[in-house]
Protein chains: 2
Amino acid sequence: MNKKTPFIRAEENPLVTPDMVKPWQKGFQVVCTFNAGVAQYGGEVLLLLRTAEKPPQAPEGFVNVPELIQEHGNWRVAVRTLSLSDPRYDFSDPRKILDREKGNYVFLTSISHLRLARSRDGVHFTVEDQPFMAPDCEMEAFGAEDARITQIGDTYFINYTAVSPHGITTALAETKDFVRVRKHGVIFQTEARDVCIFPQKIQGKYWALTRPVPRQIGEAKIWLAASPDLLHWGEFRPLNLPRFSWDGARNGGGAVPIPVESGWLVLYHGADRASNRYSMGAALLAKDDPARVLAVSPEPVLFAEAEYETKGFYPNVVFSCGAFLRDNEVHMYYGAADRVMGLARAKLADLMSALRPPVQ
Amino acid sequence: MNKKTPFIRAEENPLVTPDMVKPWQKGFQVVCTFNAGVAQYGGEVLLLLRTAEKPPQAPEGFVNVPELIQEHGNWRVAVRTLSLSDPRYDFSDPRKILDREKGNYVFLTSISHLRLARSRDGVHFTVEDQPFMAPDCEMEAFGAEDARITQIGDTYFINYTAVSPHGITTALAETKDFVRVRKHGVIFQTEARDVCIFPQKIQGKYWALTRPVPRQIGEAKIWLAASPDLLHWGEFRPLNLPRFSWDGARNGGGAVPIPVESGWLVLYHGADRASNRYSMGAALLAKDDPARVLAVSPEPVLFAEAEYETKGFYPNVVFSCGAFLRDNEVHMYYGAADRVMGLARAKLADLMSALRPPVQ
């Protein structure tokens, strides 16, 4: 059980917990603060936390769900009360409510926004009082989730999951100062999560790991895409990444790829078929051709073991959206059990030792 | 039952049937020739037929499925024989075979390619003996389906559904002469069918109707996308198209949009919840802003009534991938019952009379 992984947890874990975050909406309760995008800016480590909050509890027999509604041209969070005996809905999943006739989810029980936390030492974080990016348009009516931050020059591009009754899409925004932010809209249509944009052009183009979710044919796994301008994407093809037991059910992009001497270090997530446990794995892609997999980790480089990883909102999850290399050490921030944030560090050499060439 | 629609069927229907098409693969049987892309070229009407063919019948208790395999660097069609008693698979759908453990489809029972047919009068067609575009790469391992042809200048852009074990994607190709064709690869990642590219730039960009299929949240319906170069797409948003009973289950792009004086005429397909009957509807989008719906048909403009539409490979389907305007008459070619090709014509004035402004 206690297999050694190259990543070692910070003693201070969990670093950010829901009690450290003031709710955005009056009367709401912050239930999770996790899956943060990561940036180094102005000598600080920044986390862009996915912060999920719930409306006040409904009376017995009812449930309150949040939803963004448009009023006089502006979008605001409203609360809708549903009866648990309403035959149209299936309430068995605590995170989302199924429309029985349509066969899809029509409400989420919490709404997420993106909140900034800052740290000088990368371990002790101060969480801002207000959202950095809040859902404020039709395509974000169910929330903004799971940011990834890619620094290109002096601009930080933030891609995030924009969820609405229309589906689960990936949207793009940018900031230069983490104060003002400009939204660019949806760059990948539904169903697309877990997009990681590479921080440099390769072959004269921008590249991203994408994670389309097919309905009929195929599996949820990592693809590649390319773009001339970060806004329009094409050249789609699956990443030829060997699959293992730990990511046998699905995998997807995790941290934004890190340039290292021997290629692109990709830290990605996977879930297994047996228990739906979410672990982190690593791969090395060729510097000049991200479609070429040079090496991959047959075993997870981090898996849920600590109590804050095995117990939470969704148990047995470690899920990174951002990491960086400093002094030959990889600092990987990660959401734990869909509730809190942790940090694990690996010596680059130890991480590389865990990788093997793909057998193909 | 016999509601009057603006579209009137050609007396010669069905225009193309499987017996008119020689199989691509030796020993295979052409079972369907339908959902054709349409072009006007060199004084002729061209149909780019989706032609589906089946391997020779397997012995009792077995089924033969086609699959593209790579041999010495080239892709060719091979036949795999599966036992009907193999517990891994569910054979109940005659079109595709489900992997019970994975929960997705892992084989199709036929393989489609794109075959050209030519006609001087638009009614009597001669079908070429060989494929115009055959599946020949990893992303087309289960076939190439449902072409749409968009003429821009002297180039004909062909987008089509590329199906493989990786999923259902949309790929792009181009030709200037319908002899030589150049493939550009996948422009929309899985799950994407029913893409219709507008034949002119609008607001300085190319536009397309797309039809993503969500898995968890949202419905299969028409979206819009924009592109600087036809290869990379973004600016995704759902088309704000009112839904009716006839397209209550899902809708998607049909014929390539036709510029008319008052806007873009869009002929699109929809299926109803009650019977999954596929009908054609019409909408008018603003010439300078395709996101703006000016009018829409509350009733189908054509629905399955004729015997070749109500009986076939998949019954009760009319499904157009291409149409054109000539002498104030819209000529709409359409697949019928997923088996044959038909033609229906409508006076533009009659079609416009069937449209109503959206109530919003």
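The values are calculated or read from the model by the stated rules, or taken from the named source; none is laboratory data. Please read these numbers as outputs of a predicted model, since none were measured by experiment. FYI the Cβ positions are ideal-geometry reconstructions off the backbone, even for glycines, and counts take in every protein chain you see. For the accessible areas, the whole protein counts, side chains as well, though only heavy atoms, and no ligand, DNA or RNA atoms are used. Shrake-Rupley method; radii C 1.70, N 1.55, O 1.52, S 1.80 Å.
Across the range B:344-354, in residue order, what do the Karplus-derived ³J(HN,Hα) couplings come to in whole Hz, using 6.51 cos²θ - 1.76 cosθ + 1.60 with θ = phi - 60° and x for Gly and Pro?
Karplus-based 3J(HN,Hα) across the range B:344-354 equals 9, 10, 9, 5, 4, 5, 5, 5, 4, 5, 7 Hz.
Whose amide H sits under 5 Å from the amide H of residue A:122, counting only residues 5 or more places off or on another chain, with H placed in the peptide plane?
When sequence neighbours closer than 5 places are left aside, the close amide H contacts are A:45.
What does the accessible area per residue of the range A:197-292 come to in Å², with a 1.4 Å probe and no ligands, DNA or RNA counted?
Value for the range A:197-292: 30 Å² per residue.
Using a 1.4 Å probe on the protein heavy atoms, what percent of the accessible area of the range A:26-68 belongs to carbon and sulfur?
47 percent
With the convex hull built on the Cα atoms of the protein assembly as shown, state its orientation-averaged projected area in nm².
Working: hull surface 129.2 nm².
Over every viewing direction, the Cα hull of the protein assembly as shown projects on average to 32.3 nm².
Let me check I've understood the local charge: for residue B:18, count other residues with C-beta under 10 angstrom from its C-beta, Lys and Arg +1, Asp and Glu -1. What total comes out?
That sum, taken over residues with Cβ under 10 Å, equals -1.
What ³J(HN,Hα) values, in whole Hz, does the Karplus curve 6.51 cos²θ - 1.76 cosθ + 1.60 give for the range A:222-235 when θ = phi - 60°, with x put for Gly and Pro?
Once θ is set to phi - 60°, the couplings for the range A:222-235 become 7, 10, 10, 9, 10, 8, x, 9, 6, 9, 10, 10, x, 6 Hz.
Around residue B:174, what is the net charge, scoring Lys/Arg as +1 and Asp/Glu as -1 over all other residues with Cβ under 13 Å from its Cβ? Please report the intermediate quantities before stating the final value.
Numbers: positive: B:148, B:176, B:180, B:182, B:183; negative: B:154, B:177, B:229.
Around residue B:174, the charge tally is +2.
Kindly give Rg over Rh for the range B:32-105, based on alpha-carbon atoms, with the Kirkwood expression for the hydrodynamic radius.
That ratio is 1.13, to two decimals.
Report the relative contact order of chain B, percent, no decimals, based on alpha-carbon pairs under 8 angstrom and at least 6 residues apart.
Dividing the mean separation by the residue count of chain B yields 15 percent.
Would you kindly derive the ³J(HN,Hα) couplings of the range B:195-212 from the backbone phi angles with the Karplus curve 6.51 cos²θ - 1.76 cosθ + 1.60 (θ = phi - 60°), listing them in order in whole Hz, with x for Gly and Pro?
With the stated coefficients, the range B:195-212 comes to 7, 10, 8, 5, x, 9, 5, 10, 6, x, 10, 7, 10, 9, 7, 10, 9, x Hz.
Pop out the carbon and sulfur fraction of the accessible area of the range B:191-325 as a percent, whole number, probe 1.4 Å.
On the range B:191-325, the fraction of accessible area on carbon and sulfur atoms equals 48 percent.
Please compute the average number of Cβ atoms from other chains found within 10 Å of each residue's Cβ in peptide B:189-196.
Across B:189-196, the average partner-chain Cβ count within 10 Å equals 5.
Please work out the Cα center distance from the range A:312-328 to the range A:187-210, rounded to the nearest Å.
Taking the Cα centre of each part, the range A:312-328 and the range A:187-210 sit 20 Å apart.
Quick one: which of A:198-211, B:241-254, B:118-131 comes out on top by average Cβ neighbours within 10 Å, and what's the full order, highest first?
Ranked from most to least packed, the peptides come out as B:241-254, A:198-211, B:118-131.
What is the mean number of Cβ atoms from other protein chains located within 10 Å of the Cβ atom of each residue in peptide A:164-172, rounded to a whole number?
For this peptide, the per-residue mean of nearby foreign Cβ atoms is 5.
If I take the rotation axis that carries chain B onto chain A, which residue of chain B has the nearest beta-carbon, and at how many angstrom?
Nearest Cβ to the rotation axis, residue and whole-Å distance: B:232, 2.
Using the Kirkwood radius over Cα pairs, work out the Stokes-Einstein diffusion coefficient for the range A:155-296 at 20 °C and 1.002 mPa s, in µm²/s as a whole number.
Approximately 137 µm²/s, per Stokes-Einstein.
Please report, largest first and rounded to whole Å, the three semi-axes of the ellipsoid equivalent to the range A:212-347, where each semi-axis is the square root of five times an eigenvalue of the C-alpha gyration tensor.
Gyration-tensor ellipsoid for the range A:212-347: 24, 20, 14 Å.
Taking amide H atoms as placed 1.01 Å from N in the peptide plane, list the residues 5 or more away in sequence, or in a different chain, whose amide H sits under 5 Å from that of residue B:319.
Amide H neighbours of residue B:319, under 5 Å, 5+ apart: B:335.
Would you tally the net charge around residue B:340, using a Cβ to Cβ cut-off of less than 13 Å, leaving residue B:340 out, and scoring K and R as +1, D and E as -1?
Net charge around residue B:340: -1.
Between residue A:153 and the same site in the other copies, what are the distances in nm, shortest first, taking label points 7 Å from Cα along the C-beta direction?
Copy-to-copy label distances for residue A:153: 2.9 nm.
Assuming 1.306 mPa s and 10 °C, estimate D for the range A:293-360 with Stokes-Einstein, Rh taken as the Kirkwood radius over Cα pairs, in µm²/s. Intermediate results must be reported in sequence, preceding the final value.
Values: Rh = 13.0 Å.
Rounded, D is 122 µm²/s.
Run the numbers on the range B:198-215: which residues show a drop of 20 Å² or more in accessible area, chain on its own versus all protein chains together, using a 1.4 Å probe over heavy atoms?
B:212, B:213, B:214, B:215
Under 12 Å between alpha carbons, and skipping anything fewer than 8 positions from residue B:287 in its own chain: which aspartates and glutamates qualify?
B:261
Sort shortest first the distances from residue A:90 to its counterpart in every other copy, using label points 7 Å along the Cα-to-beta-carbon line, and give them in nm.
1.3
What is the calculated FRET efficiency for residue A:79 to residue A:99, with r their C-beta to C-beta distance and R₀ = 25 Å, to the nearest 0.05?
Computed FRET efficiency for residue A:79 and residue A:99: 0.85.
Structure shown: which of A:4/A:347; A:26/A:54; B:4/B:221; A:54/A:221; A:201/B:183; A:54/A:96 lie over 19 Å apart, alpha-carbon to alpha-carbon?
B:4/B:221; A:54/A:221; A:201/B:183
Once every DSSP H run of n ≥ 4 in the protein assembly as shown is given -39500 (n - 2.57) and the sum is divided by its residues, what mean residue ellipticity at 222 nm do you get, rounded to the nearest 500 deg cm²/dmol?
Counting only the DSSP helices, I get -500 deg cm²/dmol.
Along each principal axis of its Cα atoms, how long is chain B end to end? Whole angstroms, biggest number first, please.
57, 43, 42
Per residue of B:234-244, count partner chain C-beta atoms within 10 Å of its C-beta, then hand back the mean as an integer. Can you show the working numbers first?
On the way: counts 14, 6, 13, 8, 10, 0, 1, 0, 0, 0, 0.
Mean shielding count: 5.
In nm to one decimal, list the spacings between the residue A:26 label point and its equivalents in the other copies, with label points set 7 Å along Cα to Cβ, shortest first.
8.0
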